[in-house]
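A quick write-up on the structure given underneath.
The values are calculated or read from the model by the stated rules, or taken from the named source; none is laboratory data. Model, not experiment: these values are computed from the prediction. Neighbour counts are summed over all protein chains in view; Cβ atoms, including those assigned to glycine, are modelled from backbone coordinates with ideal geometry. For accessibility, only protein heavy atoms count, side chains too; no ligands or nucleic acids. Shrake-Rupley method; radii C 1.70, N 1.55, O 1.52, S 1.80 Å.
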Amino acid sequence: DRANAISDLVGRQVMVLNCPRDLEVHQATTISNTIETTILTAVASTFLDITHLLITNTSATAVRVDIRDTTAGTIIYSVGLAANGGADLIFSTPLTQAAVNTNWTAQASASVTDLRFLIQACKNL
């Protein structure tokens, strides 16, 4: 297959980190209980590989958040959040999803006022 290269005005090849804009997806979600909740909805026949995860804890309760790459699956990543704290996780090598057609989920270790998520991922085939 043929692909067109992109270059700047002086001929340097243009490279895009992680994925081009049309393959980037993002979703904002808020949770406040210990029920596993979808933070990034599945896309048919597509892996969703996380490049950025921002979580804010607006409560006075410290909490651990477990991240899964499929509903009821194995915990892939855990994040400890201080009371009124947060985490800004940038994955220079994306956090890859094991199977297509699955949601990314989060589950808090305790009920809180709310946890706010912003997740960004690249669609991969």
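The figures follow:
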item	result
Residue within segment 66-80 that is within 14 Å of THR113 (Cα to Cα) and either open to solvent by less than 20 Å² (accessible area, probe 1.4 Å) or in contact (Cβ under 8 Å) with a residue 40 or more places away in the chain (or both) present	no
Residue in segment 5-15 that is modelled with pLDDT under 95, of a type outside the set (Ser, Thr, Tyr) and in a helix (DSSP H, G or I) present	no
Odd one out for LEU89, checked against (1) open to solvent by 80 Å² or more (accessible area, probe 1.4 Å); (2) within 24 Å of ASP114 (Cβ to Cβ)	(1)
Answer from ALA106, ALA72, ALA87 - the residue that is among the hydrophobic types (A, V, I, L, M, F, W, C) and outside any strand (DSSP E or B)	ALA72
Filter result (closer than 16 Å to VAL100 by Cβ, open to solvent by 60 Å² or more (accessible area, probe 1.4 Å) and modelled with pLDDT of 95 or more) within segment 21-43	THR41
Only listed residue being under 14 Å from the mean Cα position of the chain (by Cα) and more than 22 Å from LEU17 (Cα to Cα), chosen from ALA106, ALA110	ALA106
Qualifying residue in segment 44-64 (condition: assigned to a strand (DSSP E or B), charged (D, E, K, R), under 13 Å from LEU115 (Cβ atoms) and open to solvent by less than 40 Å² (accessible area, probe 1.4 Å))	no
For VAL112: the one exception among (1) crowded, with 18+ Cβ neighbours inside 10 Å; (2) assigned to a strand (DSSP E or B); (3) among the aliphatic types (A, V, I, L, M)	(2)
